[in-house]
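For reference, the structure discussed in these notes is given below.
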Amino acid sequence: MNEQKLLSQRIEYLCKEKRLSYYALSYRSTVPLTTLMHIVDCSTKNPGIFTIIKICNGLDVTIQEFFDSKEFVDVEYEVE
């Protein structure tokens, strides 16, 4: 599975767990809704780290907690 899909699924999972809509997450994180939706629908290939940090803040999780799932353990990063 590619990294974009992993990010999308993790955001979706945490939103459901915290009972947050994407609109509410956008508001809480100060990430524009269109930006958030592009990340969720995987049309953004490489969201910036500061955007991910804002999303984590909106979800009320640390970046470590966000990436602390078994799916991210096996991700191999390729250098282009």
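Things to note:
- The Cβ shell under 15 Å around ASP41 holds other residues with a net charge of +1, Lys and Arg each +1, Asp and Glu each -1.
- Inter-label distance, nm, simple model (7 Å from Cα along the C-beta direction), THR34/ILE53: 2.5 nm
- Our helix-only sum for the chain, with -39,500 (n - 2.57) per DSSP H run of n ≥ 4 divided by its residues, gives a mean residue ellipticity at 222 nm of -17500 deg cm²/dmol.
- Å² of accessible area per residue within region 1-61, as computed with a 1.4 Å probe and no ligands counted: 63 Å²
- About the Cα centre, charge dipole magnitude for the chain (Lys/Arg +1, Asp/Glu -1 at Cβ), debye: 480 debye
- Counting only protein heavy atoms and using a 1.4 Å probe, the accessible area of LEU20 comes to about 30 Å².
- Largest-first ordering by accessible area, 1.4 Å probe, given options SER21, SER26: SER21, SER26
- Longest DSSP-loop-exposure-free segment, trypsin sites (Lys or Arg not before Pro), the chain, at most 11 other Cβ within 10 Å: 46-80
- Computed 3J(HN,Hα) for region 51-58, one whole-Hz value per residue from the Karplus formula 6.51 cos²θ - 1.76 cosθ + 1.60 where θ = phi - 60°, is 5, 5, 4, 4, 4, 4, 4, x, glycine and proline marked x.
The values are calculated or read from the model by the stated rules, or taken from the named source; none is laboratory data. Predicted, not measured: the structure shown is a model, and the values here were computed from it. Backbone-built Cβ (ideal geometry, glycine too); neighbour counts: all protein chains shown. Only protein heavy atoms, including side chains, enter the accessible area calculation; ligands, DNA and RNA are left aside. Shrake-Rupley method; radii C 1.70, N 1.55, O 1.52, S 1.80 Å.
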